[in-house]
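Notes for the one structure printed next.
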Amino acid sequence: MRHQVGHYLEQAALTQAGQGWTPLTEEEETEDAYVIKAEMPGIPRENITVEMDGNDLCITGELDKRSDKVLAQRKGRFCYRARLSGGIDSDKTEATLDRGVLTVRISKSGDSKPRRIPITGGYDQFV
């Protein structure tokens, strides 16, 4: 919950700092990837940039101010940032835009998967 509140405060600060609006998003963590979905109605693929810098995801772009297909709050520049926890494999990051929804899938590296650590030692019955 603390992560979500921090994320919302960061997005609000970006918007107030002249970065424009922030798209509505959903973040999901699966066993092998992070999946971020962002609403991008009326925004052409060539106007969207998706970048990874370490564990930081940044989605930026601009919606043509002359477009009459979206609300006024959605026109102009937009920015979305997320810091992902755990190891990621940015070489296996995929982004698709389908019906106004941008889906970014960031694979986790093999190191980030949980595993059980065996306990070794000489005496099992030490009381």
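Anything in the stretch 77-100 that is touching a strand residue (DSSP E or B) at 6+ places or on another chain (Cβ under 6 Å), under 17 Å from GLU46 (Cβ atoms) and either open to solvent by 30 Å² or more (accessible area, probe 1.4 Å) or among the acidic types (Asp, Glu) (or both)? List them, or say none.
ARG77, ALA95, THR96
Has the stretch 29-42 got at least one residue that is of a type in the set (Val, Ile, Thr), open to solvent by less than 20 Å² (accessible area, probe 1.4 Å) and farther than 20 Å from LEU84 by Cα?
No: the stretch 29-42 contains no residue that is of a type in the set (Val, Ile, Thr), open to solvent by less than 20 Å² (accessible area, probe 1.4 Å) and farther than 20 Å from LEU84 by Cα.
Results for (1) outside any helix (DSSP H, G or I); (2) modelled with pLDDT of 60 or more; (3) within 18 Å of SER109 (Cβ to Cβ); (4) of a type in the set (Phe, Trp, Tyr), shown as yes or no for each residue.
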{"position": "LEU14", "(1), (2), (3), (4)": "no, no, no, no"}
{"position": "GLY18", "(1), (2), (3), (4)": "no, no, no, no"}
{"position": "LYS37", "(1), (2), (3), (4)": "yes, yes, no, no"}
{"position": "GLU51", "(1), (2), (3), (4)": "yes, yes, no, no"}
{"position": "GLU62", "(1), (2), (3), (4)": "yes, yes, no, no"}
{"position": "THR93", "(1), (2), (3), (4)": "yes, yes, yes, no"}
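Pairs needed: first member in the stretch 48-59, over 16 Å from THR103 (Cα atoms); second member anywhere, of a type in the set (Asp, Glu) and modelled with pLDDT under 90; C-beta distance under 8 Å; at least 6 residues apart or different chains.
Pairs that qualify, where the first residue is over 16 Å from THR103 (Cα atoms) and the partner is of a type in the set (Asp, Glu) and modelled with pLDDT under 90: there are none.
The values are calculated or read from the model by the stated rules, or taken from the named source; none is laboratory data. Computed from a predicted model, the values in this text were never measured in an experiment. Positions of Cβ are backbone-derived with ideal geometry, glycine not excepted, and every protein chain shown enters the neighbour counts. All accessible areas refer to the heavy atoms of the entire protein, side chains included, with ligands and DNA or RNA removed. Shrake-Rupley method; radii C 1.70, N 1.55, O 1.52, S 1.80 Å.
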